[in-house]
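Asker: Starting off with a structure, shown below.
The values are calculated or read from the model by the stated rules, or taken from the named source; none is laboratory data. Computed from a predicted structure; not experimentally measured. For neighbour counting, all protein chains shown are included, and Cβ atoms are generated from backbone atoms with ideal geometry for every residue, glycine included. Areas reflect the complete protein model, heavy atoms only, side chains present, ligands, DNA and RNA absent. Shrake-Rupley method; radii C 1.70, N 1.55, O 1.52, S 1.80 Å.
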Amino acid sequence: MRHFLLWVTRRLGVFRPNQSSLWLKRFWLPKAGELAEPARLELGSRPDPLAWLAKELGVIDRYSVWQWVLYLFIYPPDNVTHTKIASKSTFLALPIQIIGLLFSMLVRIALAGVQALRWFWQRLLSFLPAVNNEAVGRRLEGWLETPTFRKPWLIWLLVLCSIFFFWLVVTTPFTWLGQLLFLVCLWGAALFMRRIPGNLPALILITLSVLASCRYGWWRLTQTIPLDSGWETFLAISLLLAEIYTWIVLLLGYVQNAWPLKRQTLSLPADTSLWPTVDVFIPTYNEPLKVLEPTVLAAKGIDWPSDKLNIYILDDGRRDEFRRFAEEAGVGYIIRPDNLHAKAGNLNHALKLTHGEYVAIFDCDHLPTSSFLQLTMGWFFKDKRCAMLQTPHHFFSPDTFERNLGTFRRVPNEGALFYGLVQDGNDFWNATFFCGSCAVLRRGPLEEVGGVAVETVTEDAHTALKLHRLGYTTAYINIPLAAGLATESLSSHIGQRIRWARGMAQIFRIDNPFIGKGLSFFQRICYGNAMLHFFYGIPRLIFLTAPLTYLYFEVHIISAAAAMLALYVLPHMLQANLANSHIQGPHRHSFWAEVYESVLAWYIILPTAVAVFNPGAGKFNVTAKGGLIEKSFFDWTISKPYIVLATLNIVGLSIGLGRLFFWNTFETGTVLLNLSWTIYNLLILGAAIGVATEARQVRVSHRVSANLLVALHFKDGSTKMCRTEDYSMTGLGLMLDQELKLPVKERVWVSLWNDEVEFAFPARVIASHGNKLGVQFDNLSIEQEANFVQCTFARPDAWSNWSDEQDVDHPLNSLKEIAIFGFKGYRSLWRNLGKGFARQHQSLRGWLGRQMI
Amino acid sequence: MFKIAIVSAAGGVGRSTLTASLATLLSQRKIAVLTVDFDPQNSLSTLLGSDEVSLGGLLPDFLTGKEFGMSALVNSNEVACLPFGRSNEVSLVTFEQHLRTEPEWLKQCIVQINYPPGAFLLMDTPRLPSPYARQAMVAADLVIAVLAPDARSLALLPAVEAALTRCNPGCQLIYVMNGLDSTRALQSDLLAQFRSALQMRLSPYPIHRDEAIPRAVANWANLQSLSPDSLVAHDLNGLLSWLLAGPASNLDGRAKI
Ligand SMILES: Nc1ncnc2c1ncn2[C@@H]1O[C@H](COP(=O)(O)OP(=O)(O)OP(=O)(O)O)[C@@H](O)[C@H]1O
Ligand SMILES: [Mg+2]
């Protein structure tokens, strides 16, 4: 085999197989190959203009084509460095440079275009009278309250009229000009509307979007399905089904989020003897004690009469260390003989052994703030049917997306949409989901539905569904009252989402919210949308590959002229985008959903499919938390699907360019449409690949940035006030007014305040630079740790201003940012590919070397 | 004029230091302030920056029949201080005799002082029980009792209250802790006990034990400019703001005159 390889290479004219440049010359520049060996002999014999040029330019290896290109076009001439550049690294660096150059040029051009458009727009606007958007918003809200709108006959009349006109608009066919006018009018109206804050403008935008989408859907269904060949029809129907799926999810989403409730907190009766007893459950399975400890200490500090608050660690790992800790901390410790039904079983077992009127549940890495019960329990007094109250899951560490793309606290994370908007929307329809943690449940109803549901792996949502079926109400308060660690790595993130997707599909199958008794129409829609949402796997893959069918095989899966398609699809996409940007803006930036979904799409297809066909199959996996990624690495295993998809799209793009310029010049529009679609897909896939580049994590315990007052007590009895930059369970980063040099290891005390009460903690200096100081705690007792948690993680306002510094959503900026992430993703892929090749190259060279001898 | 008496049942708890520090801070906030050293120790003026113990003061003035307040000094921070003045055993006996017969002597003297209406008057006193402290309490609108973070101060809590009810029943009484070392668990526990015993009457800003205080005294320097970012400077600022917003806000001088 090896001999054969060597023989082949020699035949091909490559005499040194381990020198990559020879290969390049052989294949890419056949003529250059002839120069390779004999030309060397003639060197220096007569004046060579090429040699002179090479010297001037700084080209070291005259026979390397890459170096010529590099020095001629890339490196500035004055920057000539006479260092030997390894041909391989040049080979790798060059395309990156060229792509970078092209990319920055494109960005420049695009930015200039945008600038020009903006200028033009501003000029246009300056002719119009200024509008006070806030005031308009208030007036619109005011109208809703006027009694004119309360007359039932008027409402019915309006509804009938709207249905008629709606039908008219959706079904009337237009010429291209008509459709263009439709697009422009709708878009103009939406651009005006989106500036006005409030719920009514959101509803108007939703209406416009529904109009555009329905019109597109009608046209698509009635005019664009090719019915000639079987193959084509199959692909066309797949795409159509995917589109219908997104269309349904879009509409259901609009209903779900039509009027976010934004529930306020209610105060409790002044007489604390009326307050109920609460059991706090902290289930744990395999998490380290280091993760559980702060949670228990924070729970102990919850502001509630101490005789009415019982905390239990529910340890499914049955670890002695945990038992000892529970004793030391003075909290309950419950174990069970088996691990049946995982977390749900664990909770149900504890339910049998305890008696509190309410149960608060915290995952073992969710630290509650001290005000948790005081701010939530009020609703149970007001609403006697209220069975469950959920609060957001807040994360103080960056999740995989935020860490690997560097968007922490700048771009709303994946969960922000659900906890910032969807749950508030659900709450309006009395359909708040239980999310397994950071929630309070009334024991009576919970026992009535047989405890936490065990039939599915998303026991939380299923429990809420059962409660709703019995007619209980639920509530959501969108104030982060507990915080925890986000999933650490992409693989664990995917693992967690697979579980959610599986569980939702299971519920869809065995307890479908669209059928069965007890739910209101809108509750069904909320649950239905939540479940349908997790079936995005296949549709997303279809969208990521749909343009390829044309680019590869010239199959027209939409039978319509490109221009017409663009005219119909554009309003649908634009309006949906503008409406969503208005509703979701603070919670999800435009186009990010695509990134979040594309990362998961491949992985949730199988679990959801299996769950639908056989709900019992598969096993439950627990998400690992509190780990540390010690070295940056590229997750090849996880990213395989994205790389395959990206490769397919890149090939499609190249073929498409061929079609554009040579083969399909008769249908340039179609080619262009498919090309732009492919480019968009490539950007999204690039961002997904970027997420697979796991960035290194520097610290074991996460630091939360905060500006808290601190007093430093020095050994000599003097003191200094300063503020924290960040805190973690193990230490503080401090910022002083002036420079202060302290020896490392110096003992100090640091005091923090919880409300007005001061707590001092022994610590040692671990770093001192300028006016910054890092201190690490020195063997805190458990009581001191509890106090520390109360001063930091468990402060009532610890998380209230978390997203204040977040960027606002600008669809175009967002697109630009994702494009940049996409580009970076490919760069990282390329580099890691290079590293991989280098490793293989080395082993190959060693192997070939041995063969030669 | 807001008249504040600074008293304590235990000695050496930092009354004079607190008086001087508060006075300096008040004048930094552009509030006119006069301190009266009503303690035969005659040490307040040194705490306020005078380099030698002043001989003149309210006792010599009283003995020589001069008008009250004639020998007040003003330091560079514009804090006015009326020292007690040099005394001897005989003069003290005479003076104390006089104070016993006329419990409102100080009060009447103060009324005669011509001072801007929004000004503060701080009176330093010897430890209770003492005729001087009693005079100051009678004259005061607000009494600040200084506590040390120790069991003795806790035991003596009722004594202060009793002394005040005897001589000036309607007067507002608040407590300030001084010399707290928060790195000691015992002291933090005691503070918690004081808190639960006194509730809102205890200032939320205990003054910490801090080297910055003796250092400032030794350097004849102003604490706030010598160690502006020390914990004790923070405490004093907090205490004063709390006083001005709470207990001292209803002592509006203009309304009273
Ligand atoms: N917060 C503090 N930190 C450090 N030292 C202090 C503090 N407060 C007072 N001291 C020191 O304690 C000592 C006694 O203070 P001070 O003279 O003010 O107390 P006092 O109550 O007026 O005493 P006396 O009963 O003698 O009048 C002084 O040396 C002072 O410097
Ligand atoms: Mg004194």
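Asker: Checking the conditions here, which among A:L645, A:L683 is open to solvent by 30 Å² or more (accessible area, probe 1.4 Å) and assigned to a helix (DSSP H, G or I)?
Answerer: Numbers: A:L645 fails: open to solvent by 30 Å² or more (accessible area, probe 1.4 Å).
When all the criteria are applied, what remains is A:L683.
Asker: Can you find even one residue in segment B:60-80 that is over 26 Å from B:C167 (Cβ atoms), within 16 Å of ligand 1 (Cβ to nearest atom) and more than 14 Å from every other protein chain (Cβ to nearest Cβ)?
Answerer: Scanning segment B:60-80 turns up at least one residue that is over 26 Å from B:C167 (Cβ atoms), within 16 Å of ligand 1 (Cβ to nearest atom) and more than 14 Å from every other protein chain (Cβ to nearest Cβ).
Asker: What is the residue count in segment B:142-191 for residues that are surrounded by 16 or more Cβ atoms within 10 Å (Cβ to Cβ) and free of Cβ contacts under 8 Å to residues at least 12 places away in the same chain?
Answerer: The total comes to 2.
Asker: Given B:Q193, B:Q224, which one is away from chain A (no Cβ under 12 Å) and farther than 22 Å from B:L44 by Cα?
Answerer: Values: B:Q224 fails: farther than 22 Å from B:L44 by Cα.
Just a single option satisfies the conditions, and that option is B:Q193.
Asker: Considering only segment B:30-71, state which residues are open to solvent by 40 Å² or more (accessible area, probe 1.4 Å), in a loop (DSSP other than H, G, I, E, B) and without any contact (Cβ under 8 Å) to a residue 60 or more places away in the chain.
Answerer: Matches in segment B:30-71: B:K30, B:E52, B:V53, B:L55, B:G65, B:K66, B:E67, B:M70.
Asker: Another question, then. Is there a residue being within 17 Å of A:T207 (Cβ to Cβ) and out of contact with any Leu (no Cβ under 9 Å at 6 or more places or on another chain) anywhere in segment A:174-184? Give the steps one after another, and end with the answer.
Answerer: So the first thing to find is which residues in segment A:174-184 are within 17 Å of A:T207 (Cβ to Cβ), and the list is A:182-183.
With the extra rule that they be out of contact with any Leu (no Cβ under 9 Å at 6 or more places or on another chain), the set shrinks to none.
Checked segment A:174-184: no residue is within 17 Å of A:T207 (Cβ to Cβ) and out of contact with any Leu (no Cβ under 9 Å at 6 or more places or on another chain).
Asker: Restricting attention to segment A:750-763, does a residue exist that is of a type in the set (G, A, S), in the same structural domain as A:L740 (by TED's automatic domain parsing) and farther than 24 Å from B:L190 by Cβ?
Answerer: So the first thing to find is which residues in segment A:750-763 are of a type in the set (G, A, S), and the list is A:751, A:760, A:763.
Next, from what is left, pick out any that are in the same structural domain as A:L740 (by TED's automatic domain parsing): A:751, A:760, A:763.
Keeping just the survivors that are farther than 24 Å from B:L190 by Cβ gives none.
No, every residue in segment A:750-763 fails to be of a type in the set (G, A, S), in the same structural domain as A:L740 (by TED's automatic domain parsing) and farther than 24 Å from B:L190 by Cβ.
Asker: Only one of these is in a helix (DSSP H, G or I), more than 16 Å from ligand 2 (Cβ to nearest atom) and within 21 Å of B:V143 (Cα to Cα): B:S21, B:S27, B:S16. Name it. Walk me through how you get there before you give the answer.
Answerer: On the way: B:S21 fails: more than 16 Å from ligand 2 (Cβ to nearest atom); B:S16 fails: more than 16 Å from ligand 2 (Cβ to nearest atom).
After ruling out the rest, the residue left standing is B:S27.
Asker: I've got another one for you. Just checking, which of A:E141, A:E134, A:E145 is charged (D, E, K, R) and at pLDDT 75 or above?
Answerer: Numbers: A:E141 fails: at pLDDT 75 or above; A:E145 fails: at pLDDT 75 or above.
Only one candidate passes the filter, namely A:E134.
Asker: Would you mind telling me which numbered condition in (1) among the aliphatic types (A, V, I, L, M); (2) within 13 Å of ligand 2 (Cβ to nearest atom); (3) more than 18 Å from the chain's Cα centre (by Cα) B:M70 fails?
Answerer: That leaves (2) as the condition not met.
Asker: Next up: Of all residues in segment B:1-15, which are surrounded by 23 or more Cβ atoms within 10 Å (Cβ to Cβ) and either near ligand 1 (Cβ under 8 Å from one of its atoms) or within 14 Å of chain A (Cβ to nearest Cβ) (or both)?
Answerer: B:S8, B:V13, B:R15
Asker: Show the residue pairs that are 6+ apart or on different chains and have beta-carbon atoms under 8 Å apart, the first residue being within segment A:425-442 and at positive phi, the second being of a type in the set (K, R).
Answerer: A:G436/A:K343
Asker: Would you say A:A236 is touching a Ser or Thr at 6+ places or on another chain (Cβ under 9 Å), modelled with pLDDT under 95 and not in a loop (DSSP other than H, G, I, E, B)? First the steps, then the outcome.
Answerer: Values: touching a Ser or Thr at 6+ places or on another chain (Cβ under 9 Å): yes; modelled with pLDDT under 95: yes; not in a loop (DSSP other than H, G, I, E, B): yes.
Spelling it out, A:A236 is indeed touching a Ser or Thr at 6+ places or on another chain (Cβ under 9 Å), modelled with pLDDT under 95 and not in a loop (DSSP other than H, G, I, E, B).
Asker: As an exercise: evaluate A:Q738 against (1) exposed (fewer than 15 other Cβ atoms within 10 Å of the Cβ); (2) under 30 Å from A:V411 (Cα atoms) and give the number of the one condition it does not meet.
Answerer: (2)
Asker: In addition: Across segment B:32-57, which residue is farthest from the other protein chains (Cβ to nearest Cβ) among those that are touching a Phe, Trp or Tyr at 6+ places or on another chain (Cβ under 6 Å) and more than 15 Å from ligand 2 (Cβ to nearest atom)?
Answerer: Among those residues, the one meeting the criterion is B:V33.
Asker: Does A:A566 qualify as being at pLDDT 85 or above, outside any loop (DSSP other than H, G, I, E, B) and open to solvent by less than 20 Å² (accessible area, probe 1.4 Å)? Before you say what the answer is, go through the steps one by one.
Answerer: Numbers: at pLDDT 85 or above: yes; outside any loop (DSSP other than H, G, I, E, B): yes; open to solvent by less than 20 Å² (accessible area, probe 1.4 Å): no.
Spelling it out, it is not the case that A:A566 is at pLDDT 85 or above, outside any loop (DSSP other than H, G, I, E, B) and open to solvent by less than 20 Å² (accessible area, probe 1.4 Å).
Asker: Of all the residues that make up segment A:808-842, how many are exposed (fewer than 15 other Cβ atoms within 10 Å of the Cβ) and among the charged types (D, E, K, R)?
Answerer: Number of matching residues: 2.
Asker: Taking segment B:149-190, which residues are among the small types (G, A, S), more than 14 Å from ligand 1 (Cβ to nearest atom) and away from every other protein chain (no Cβ under 12 Å)? If you could, list the steps in order and put the result at the bottom.
Answerer: Within segment B:149-190, the first condition is being among the small types (G, A, S), and the residues that meet it are B:151, B:153, B:155, B:159, B:162-163, B:170, B:179, B:182, B:185, B:188.
With the extra rule that they be more than 14 Å from ligand 1 (Cβ to nearest atom), the set shrinks to B:151, B:155, B:159, B:162-163, B:170, B:185, B:188.
The answer is B:A151, B:A155, B:A159, B:A162, B:A163, B:G170.
Asker: Let me ask another. Name the residue that is farthest from the other protein chains (Cβ to nearest Cβ), counting only residues in segment B:21-31 that are within 13 Å of ligand 1 (Cβ to nearest atom) and in contact with a strand residue (DSSP E or B) (Cβ under 7 Å, 6 or more places away or on another chain). Even if it seems obvious, please write down each step before you answer.
Answerer: Let us first name the residues in segment B:21-31 that are within 13 Å of ligand 1 (Cβ to nearest atom), namely B:21-23.
With the extra rule that they be in contact with a strand residue (DSSP E or B) (Cβ under 7 Å, 6 or more places away or on another chain), the set shrinks to B:22-23.
Details: B:L22: 19, B:A23: 22 Å.
Looking at the filtered set, the residue picked out is B:A23.
Asker: Sticking with this structure for a sec: Looking at B:E96, is it part of a loop (DSSP other than H, G, I, E, B), surrounded by fewer than 20 Cβ atoms within 10 Å (Cβ to Cβ) and more than 15 Å from ligand 2 (Cβ to nearest atom)? Steps first, answer last, please.
Answerer: Numbers: part of a loop (DSSP other than H, G, I, E, B): no; surrounded by fewer than 20 Cβ atoms within 10 Å (Cβ to Cβ): yes; more than 15 Å from ligand 2 (Cβ to nearest atom): yes.
No.
Asker: Now, a different point. Which of (1) surrounded by 15 or more Cβ atoms within 10 Å (Cβ to Cβ); (2) away from ligand 1 (no atom under 14 Å from the Cβ) is the odd one out, the single condition B:E89 does not satisfy?
Answerer: (1)
Asker: Another one. I need the full set of residues from segment A:318-334 which are touching a residue at least 40 places away in the same chain (Cβ under 8 Å) and open to solvent by 20 Å² or more (accessible area, probe 1.4 Å), in order please.
Answerer: A:E328
Asker: Out of all the residues in segment B:196-216, which are within 8 Å of chain A (Cβ to nearest Cβ), open to solvent by 80 Å² or more (accessible area, probe 1.4 Å) and assigned to a helix (DSSP H, G or I)?
Answerer: Selection gives B:R215 alone.
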